[in-house]
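Participant: Here's a structure for you.
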C-alpha cells in the first residue's frame, strides 16, 4: 500500500521549533500529507501546559491526545496509507503505544537523526563495582527486570510489530534496543544539523578572527527538566553573573568579541540583560560558529557545528552544576573530544586561553562518522532522503 500521510508522534510541546524540525515543508513537497499528534499529556501527565503562543496556522496540523482511550480510538481509525513517525521512547511504560499500532497494523518508523553528545551516546561507565550496584539498585528489582526483558525480547514475542523503517545518522546512531528485526529497513542518513550545515555552505561568509561564540543552553529556564524529572535549582542571577564575569575577562584580556547563540527555547526579551550588552542572536547558530575562531559551551548539541567546521571548543562548568546528572556530561564531553574544560568558579586569571584552543582532527572526524553522518550516505536533505526511501518501497 502506498504511503500518503505521515503522522508525527510528539512527546514535547508542539511549536514552531518542532514544526521545522520534522521537515513538514519537505514532506509536503514530496507529496505526503503531514499531521502531528501531541501526546505530551498522555506520556508526561505531570508536565504543565506550555506558556508559549503558537502560530494558529500550524496548530491546525496538530491533534492533542490526552488519554489512552482517545489514543486507541484514534489509532483504530487510521487509514492503511499512514506511516507514524514516532518520538515516543520505546520502554515498558509506553508498551500500549506500540501495542495499539500493532493491533491495528499501522506502520511506524523512527528517525534517529537528532544531535548527540559523545558522553551521552556512549555506554555508561562506572568507577568500580560498588558504583555500578548503587546505580542499578535505585529502581525496584521488578521494574529493572521488566525493563530489561522488554528491551531484550524480540518485539514480536510481546505482540509488537517491528518498525517499518529507521533512519540513522552515523555509525552509532543505530540502537539494537528498538523494536526492529530483519524486515525493518535501516537507512543510513545524517543529522538535522548536517542539513543546516549544507545550507550554510551555499552562502558567502567572512571569517572573524576575534569572534567567540557561546552556545547557550537556556540553563535556568529550559523545560527539559519537566520531562526528565530532575529538579534543577540553578539561580538565574548567579548563573548569568558568572558567565558575564568570565566573558568580560576574555574580552578584556584577549580583545575577543563574544556573541551569544541563543537556544531555541530561550526568551531573552522576557529575560533581558542576562548577558549584559552582548549581542544575542537566535536561529543563526550554524552561521555564527562558521565565522568564529572559538566556541564556548556547556554541553550543547550544537557542538556538531563546531566539529563540522573544525573549530576549537572550550567547555564551561561551575560549582553549582555539581550533583546534576545533566551537567555531569560536560566533563565527559570535554574528555571524549580532548577539549579544554574550565570551571568558571575556579580558574587562574593567568590562564592562557590561546594554549587551550586546539582541535583533534582525528576525533572530530570520527565523531562525524559516528553521530552526524553515515559514511557514503547521500547529501540529500534528511526529509528528502526519508521521502525517497518510502517511495522506493512502493516500487
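Every read-out reported here was derived from the displayed coordinates using simple, explicitly stated rules and does not represent laboratory data. Remember, it's a predicted structure, so these values are computed and weren't measured experimentally. Positions of Cβ are backbone-derived with ideal geometry, glycine not excepted, and every protein chain shown enters the neighbour counts.
Participant: May I ask you to work out the translational diffusion coefficient for segment 146-303 at 4 °C, viscosity 1.567 mPa s, via Stokes-Einstein with Rh from the Kirkwood sum over Cα pairs, reported in whole µm²/s?
Facilitator: Diffusion coefficient, whole number: 68 µm²/s.
Participant: Right, here's the next one. Sort out for me the Cα centre separation of segment 260-286 from segment 183-210, rounded to whole Å.
Facilitator: Comparing the Cα centres of segment 260-286 and segment 183-210, I get a distance of 22 Å.
Participant: So what is the 222 nm mean residue ellipticity for the chain from helices alone, if each DSSP H run of at least 4 adds -39500 (n - 2.57) and you divide by all residues, rounding to the nearest 500 deg cm²/dmol?
Facilitator: So the calculated ellipticity at 222 nm is -9500 deg cm²/dmol.
Participant: Mind computing the radius of gyration and Dmax over the alpha-carbon atoms of segment 10-96? Å is fine for both.
Facilitator: Cα-based Rg and Dmax for segment 10-96 come out at 13.5, 37 Å.
Participant: What is the order of 313, 380, fewest Cβ neighbours within 10 Å to most?
Facilitator: Working: 313 27, 380 15.
Ascending Cβ contact count within 10 Å gives the list 380, 313.
Participant: Kindly give Rg over Rh for the chain, based on alpha-carbon atoms, with the Kirkwood expression for the hydrodynamic radius. Let's see the in-between values first.
Facilitator: Values: Rg = 22.1 Å, Rh = 22.9 Å.
Using Cα coordinates only, the ratio equals 0.97.
Participant: Order of 84, 289, 359 from fewest to most other C-beta atoms within 10 Å?
Facilitator: 359, 84, 289
Participant: Taking the convex hull of the Cα atoms, report for segment 204-370 its projected area averaged over all directions, in nm².
Facilitator: The number I arrive at for segment 204-370 is 10.1 nm².
Participant: List, largest first, the extents of the alpha carbons of segment 67-110 along their principal axes, each in whole Å.
Facilitator: If we take the Cα atoms of segment 67-110, the spans are 26, 24, 14 Å.
Participant: Rounded, prolate or oblate for segment 244-324? Axes are the square roots of the Cα gyration tensor eigenvalues, ordered a ≥ b ≥ c, and the cut-off for rounded is a/c under 1.5.
Facilitator: rounded
Participant: Can you tell me which of 376, 244, 68 moves the most in a GNM of the chain? Springs connect C-alpha atoms under 10 Å apart.
Facilitator: Its mean-square fluctuation being the largest, the pick is 376.
Participant: For the Cα atoms of the chain, what angle does the longest principal axis make with the long axis of helix 141-152, in degrees from 0 to 90, nearest 10?
Facilitator: Taking the Cα atoms of the chain, the angle to 141-152 is about 70 degrees.
Participant: Using Cα centres only, tell me the gap between segment 364-383 and segment 153-171 in whole Å.
Facilitator: Between the Cα centre of segment 364-383 and that of segment 153-171, the gap is 22 Å.
Participant: If you don't mind, there's one more thing I want to ask. Is segment 315-395 best put as rounded, prolate or oblate by its Cα gyration tensor, with a ≥ b ≥ c the root eigenvalues, rounded for a/c under 1.5, and otherwise prolate when a/b is larger than b/c, oblate when not?
Facilitator: Judged from the Cα gyration tensor, segment 315-395 comes out prolate (a/c at least 1.5, a/b above b/c).
Participant: Rounded if a/c is under 1.5, else prolate if a/b beats b/c, else oblate: with a ≥ b ≥ c from the C-alpha gyration tensor eigenvalues square-rooted, which is segment 274-317?
Facilitator: oblate
Participant: Over segment 172-211, what portion of Cα pair distances is larger than 15 Å, expressed as a whole percent? Each step should come with its number before you reach the end.
Facilitator: On the way: 503 of 780 pairs.
Percent of Cα pairs beyond 15 Å in segment 172-211: 64.
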